[in-house]
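Down below is the structure, laid out as structure tokens.
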Amino acid sequence: MPTVPPAVNGYVFTRLRRLGLSESLAAQTAPSVKVQAFDAGKKIWTKGGEVQHWQYIMNGLVSVSIPTTNSESTPISIFGKGSWFGEQSIINRKPSFADYVCLTPTEVLRMPASTFDDLFGQEPEFARFVAKLMAWRVQKTSETLTLMKLGNPCLRVVMGLAQFAEALAYRSERPPTVAMGEGVEIPIAQNTLASLCGVSRTLFSEYVQQLAQHEWLKLHYGKLEILNITTWHRFARRQREDNVNTLNPSIAELLEVLRVLNEMRPTV
């Protein structure tokens, strides 16, 4: 059996400590957690397949997609660098409800489902971490369902972009609590982003062009860069905290909201 490089072992140990494991338990668990690389387009799991590992993205992007007709699929969520995923199927002992597809070359850590089960049942801090992770994702899913069922296409795009920025910048683990730089790249083609927002490619392009004209994002070939992440963060938080959500805004109205939020002084 090949020896795991010390640097990898140290990286795994650090990740396990952040899950609430003690030093001794993290050291004991680390050898069972392996590294695996996937090419872009490779499926980690297929819909209906058994989920045998809890996984952590070291580098790359993974799309959660539902297979549709004509050998195509519709992406419904994205996990970025720093995200753990797969806990739902392991806890519920159910097959994967979707395809998990690598959008870019991706490296993951893989914890066996049996190890996850043992830690979840015996280690309170680990169980607490997983519970918080799942609670945050339930909130994100509820937001998405609300947008898809009630929000107009314009709101789907703008709030969808805010959600993607959070997912990539804040690891899809919790509501963001700190600012992170001035921008974040979403290295995904616009047709995929349009599908994630539940709108046509044409509508998506129309709205992002206007956002780009007002310097809320930059468009590049094969990727999109969201600028001034702090304001997008405020926008997403406002949508969550408002007692009454406006679900049929125009792009002009949303641009005005972004402008006003951008002028707000940071709270201490």
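Numbers below:
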{"read-out": "Test: residue in the range 61-82 that is surrounded by 15 or more Cβ atoms within 10 Å (Cβ to Cβ), over 23 Å from Leu196 (Cβ atoms) and either touching a residue at least 40 places away in the same chain (Cβ under 8 Å) or not polar (S, T, N, Q) (or both)", "value": "no"}
{"read-out": "Tabulated pairs, the range 157-168, first under 17 Å from Phe79 (Cβ atoms) and modelled with pLDDT under 85, second of a type in the set (Phe, Trp, Tyr) and open to solvent by 10 Å² or more (accessible area, probe 1.4 Å), C-beta under 8 angstrom, 6+ apart or interchain", "value": "Ala167/Phe79"}
{"read-out": "Tabulated pairs, the range 21-48, first in contact (Cβ under 8 Å) with a residue 12 or more places away in the chain and farther than 23 Å from Pro95 by Cα, second charged (D, E, K, R) and open to solvent by 20 Å² or more (accessible area, probe 1.4 Å), C-beta under 8 angstrom, 6+ apart or interchain", "value": "Leu21/Glu123; Leu21/Glu125; Leu25/Glu123; Ala26/Arg17"}
{"read-out": "Residues located in the range 96-150, provided they are at pLDDT below 85, more than 26 Å from Thr68 (Cβ to Cβ) and open to solvent by less than 60 Å² (accessible area, probe 1.4 Å)", "value": "Trp136"}
{"read-out": "Residue count, the range 10-32 (criterion: open to solvent by 30 Å² or more (accessible area, probe 1.4 Å) and in a loop (DSSP other than H, G, I, E, B))", "value": "3"}
{"read-out": "Criterion (assigned to a loop (DSSP other than H, G, I, E, B), modelled with pLDDT of 85 or more and surrounded by 13 or more Cβ atoms within 10 Å (Cβ to Cβ)) met by exactly one of Val257, Val199, Val208", "value": "Val199"}
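Okay, residues lined up against (1) closer than 27 Å to Gly41 by Cα; (2) open to solvent by 60 Å² or more (accessible area, probe 1.4 Å):
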{"site": "Leu203", "(1), (2)": "yes, no"}
{"site": "Trp216", "(1), (2)": "no, no"}
{"site": "Lys223", "(1), (2)": "yes, yes"}
{"site": "Leu227", "(1), (2)": "no, no"}
{"site": "Gln239", "(1), (2)": "no, no"}
{"site": "Leu247", "(1), (2)": "no, no"}
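The values are calculated or read from the model by the stated rules, or taken from the named source; none is laboratory data. The structure presented is a predicted model; accordingly, all values stated were derived computationally and were not measured. Glycine gets a Cβ as well: all are built from the backbone with ideal geometry, and neighbour counts include every protein chain shown. Just so you know, the surface numbers come from the protein's heavy atoms only, side chains and all, with ligands and any DNA or RNA stripped out. Shrake-Rupley method; radii C 1.70, N 1.55, O 1.52, S 1.80 Å.
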